[in-house]
1. Excluding residues on the same chain fewer than 8 positions from residue 205, give the lysines whose Cα lies under 19 Å from its Cα.
2. Along each principal axis of its Cα atoms, how long is segment 218-358 end to end? Whole angstroms, biggest number first, please.
3. Hull surface divided by four, with the convex hull built on the Cα atoms of segment 93-208: how many nm²?
4. Cα to Cα, under 26 Å, and not fewer than 8 places away if on the same chain: which lysines meet these conditions relative to residue 338?
5. Neighbouring Cβ atoms within 10 Å as the yardstick, rank 100, 180 fewest first.
6. What aspartates and glutamates could a cross-link reach from residue 168, if we take a straight Cα to Cα line under 12 Å and drop same-chain neighbours fewer than 8 places away?
7. Quick one: 223, 37, fewest Cβ neighbours within 10 Å first, how do they rank?
8. For residue 138 and residue 338 in one chain, what is 0.36 nm times their gap in residues minus the Cα-Cα distance, to one decimal in nm?
Amino acid sequence: MIKLTNLLISLFKWYIEGLRQPSLNSIARLILIWSLTALAAFSVSVNFETDWIDVSLSSGSGSSVFFMCMITCSLIMLAYSEYRDRQLACNSLLFKIRHMGLVNHSVDDVENYFPRSLKKLKAQAFNMEFSNSHKTEDIANLKDQLSKVARIPEALNESGSSLNNANKHIVYAGVAPVPMIAAVGHAVSNMQNVHVADWNRQDKKWHFSTDLDDNENVKCEMTTSNASEESVCLIIELSLPISVDKIRNDFPEFNCFKVYWKDDKPRYDKLNSVDKQNRIVNEILNIINNEILPNKTGLKEIKVFVAAQASFIFRLGSALNQGHLPKITFYHYNPDNKKSNHPWGVSFIGGYSQYELIH
């Protein structure tokens, strides 16, 4: 019964998604389902007899030729869609970024969890393997990781150099510190076809954010009011609580702005929708542009502290690649560090170097 319920829910979600983002393949599948359902209705006959009641249900005897034609047309559309997808796959490239920066808990290859649209594309791997970088105080090791992140745009240009960006697809699968994930998102912000996977630590598998947007909103408040005009702290609390006091201990002279859910209940399962992630990212940009920048005319830096899943951090890093913004620095949280709870961060500085390690 549970499997049947999950199947019906999956079919319903697939149906809604097909209506929201129609493609030739999804239209053909919808026509096929409608036609098969109508055809079945024309031939249905139900008899139910008991000692008290005798029920007989039968459908009309109209012609089913129209629905047979619709089924044939939908099958032709499906065949053409499959042929076109294979042709596009031959002329496209998939750039697969595997980014391991934390403890490697037997993390599987994301290619085993690709959606149907990506399975036909030939993949080119770009691996970044740096275990335990969330605990390390080895600055040289962190700089090596950051330098590899900075090489991603060059590697993208070199791979499939004859292809334009529309024919290049990127899949990012990362289990890494927040600043490094944000830097990767920043590095590929000018690419069109970007897919981001999240690692489910409990189920031990990758998943893409395919849920629908539930229209849940965030709000922002200024938690501290200090005199400094040069820097502010932007706290984004979505999946786990963030201690404002610990941030103030490390950065006592700066104002803190906190973005959090309206119900004030952070948890892991609130951002499993791409549309919702993009909407929340845009709301954060509006907060920066309309509430922070106009009131801080001498602002030189925004220090960002995020508790959210990797795909959201990636998209936030991409969105903050805007020329009018001051320097953006994402900080890493390490409660075991004796000197500071936020011992290092990554700044987006632009130019040839692009990124700077702050420690």
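Bear in mind that the values in this text are calculations on the coordinates, not laboratory data. Just so we're clear, the structure is a prediction, and the values are computed from it rather than from any experiment. Positions of Cβ are generated from backbone atoms using ideal geometry, with glycine treated the same way; all protein chains shown enter the neighbour counts.
1. In chain and number order, the partners are 96, 119, 270.
2. So the extents along the principal axes, rounded to whole Å, are 35, 34, 30.
3. Quarter of the Cα hull surface area: 7.1 nm².
4. Candidates past the 8-residue exclusion: 135, 143, 246, 258, 303.
5. Placing the least packed residue first, the sequence is 100, 180.
6. List returned: 158.
7. The most exposed by this proxy come first: 37, 223.
8. Details: separation 200, 0.36 × 200 = 72.00 nm, distance 1.47 nm.
Going from the current span to full extension adds 70.5 nm.
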